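Note sheet for the following structure.
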Amino acid sequence: MVLGQNLMGEQFMERTVSVTLNMHGCRYASRHDYGVGTWVTLQMVGLNNSKEKPATVRAVVRSVHPPESLRELQQVGVELEAPSNVWGIAVPPADWLSAREPTTSTAQLPQPVAPVQESATKKISEIPMKTETKVSEITSSSSLSPAAPASKSAADPQPTRAVVTPEKLIAALQGKLQQEAEKAVHAAAAKQIADLVREALSSLEDARRSSVREMQEFRSRAEETSQRLKKQTDELQRELTKAQEYVDKLMQELAPSIPAKLKEAMARATSEFENAADEIAELRYERLLENLQGATNEALSKLHAHSVEVQTSVQNAFNSRLEDFRRDTELHVNRALAETKERVESALSSLETESRATCDARRQTLEAEVARSAEHTAEQFHKRIKTFLHTCLEATDAVVDEHSKTPAGKRAKDND
């Protein structure tokens, strides 16, 4: 039995078997994680000399050998605190006896029991012993002299009294108390360890039985699952075989008629597609004509409205320009007539001193000049009127042509 502490700081106890051993230590298999240099407690159970009490010793971990495979346990090498034959070997090797190691019967509890013994001894020594009885006279046969009757005389001195104190009594009983304490500690430790071992064995046995039951249940479940899977696989295989046979039979039956049916289906689909395409084309053509006619009517209406607006604007512009030209012409004619009149008046005033004949000739000449000037002015006026009208007509034609060349969508956008 191994009692110790793992790397996580948790206490453990396990039952194992030594692989190799000698008087200095042993190596055994373990499933716990050890730290090199840690201390463990070893209790040898099931020895050859089982009549004696199980030996309990301390040992320090010196090496930890990892397992070679996942199915094996690691091996731990420990060194005993004191070299001894604690393994119950009746005839140890010769090199063991040369080290003066004590026998198993004389081996006692080492360090783990020593603190318990000291505490028990200390408690016993601290018990107050209230001894009130005093020994008045202590006589012994060795202290009497041959002249015993003479000691009763008044001349002899009075015998001294001895007082027994708790310290002297404890000192006198120290050996027996030590032995009884050791026996009590041995008995308590053996009982405690036996209880621990019994509990550990019972827990291990319970764990083994539960694991065996779980393994049996798991094995039965696994067998049931494997049987069920096997049945399902067989059924699935049969179903697949039937399905394959049905497919083969169906293919054999339908193979001769498949090309004819495919041709018939292709012809039917082609005719249906052509009919649907013709119907869709006719519908699209009708919708396109309707849309085109509507767009044309809308464009014509917009063009007519725009033409009316252009004509109105051109007429207004022409009227305004004509009125302005008429006013300018009247002003020019009036100014020319006024200038001519002034010239005539000035000429007549200057020619008053001349002769009548000269005045008449001059007057006739001036009238002729005035007539020619009036004709020339009227001719220029007519030319200007014709030029202005021709310019207005060209501008109107250009505006109408530009409006007719503009797309319907752009005209609608311009109107908006």
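The values are calculated or read from the model by the stated rules, or taken from the named source; none is laboratory data. Computed from a predicted structure; not experimentally measured. Using ideal geometry, Cβ is built from the backbone for each residue, glycine included, and neighbour counts are taken over all protein chains shown.
Odds and ends about this structure:
- Restricting attention to the stretch 254-282, the residues that are exposed (fewer than 10 other Cβ atoms within 10 Å of the Cβ) and assigned to a helix (DSSP H, G or I) total 2.
- The condition of being surrounded by 10 or more Cβ atoms within 10 Å (Cβ to Cβ), among the aliphatic types (A, V, I, L, M) and either touching a Phe, Trp or Tyr at 6+ places or on another chain (Cβ under 8 Å) or not in a helix (DSSP H, G or I) (or both) holds for only one of Leu300, Leu288, Leu322, that being Leu322.
- Search result, residues across the stretch 1-26 that are in contact (Cβ under 8 Å) with a residue 12 or more places away in the chain and assigned to a loop (DSSP other than H, G, I, E, B): Met1, Asn6, Leu7, Met8, Arg15, Thr16, Val17, Met23, His24
- Test: residue in the stretch 364-382 that is assigned to a helix (DSSP H, G or I), in contact with a Cys (Cβ under 9 Å, 6 or more places away or on another chain), modelled with pLDDT under 85 and not hydrophobic (A, V, I, L, M, F, W, C): no
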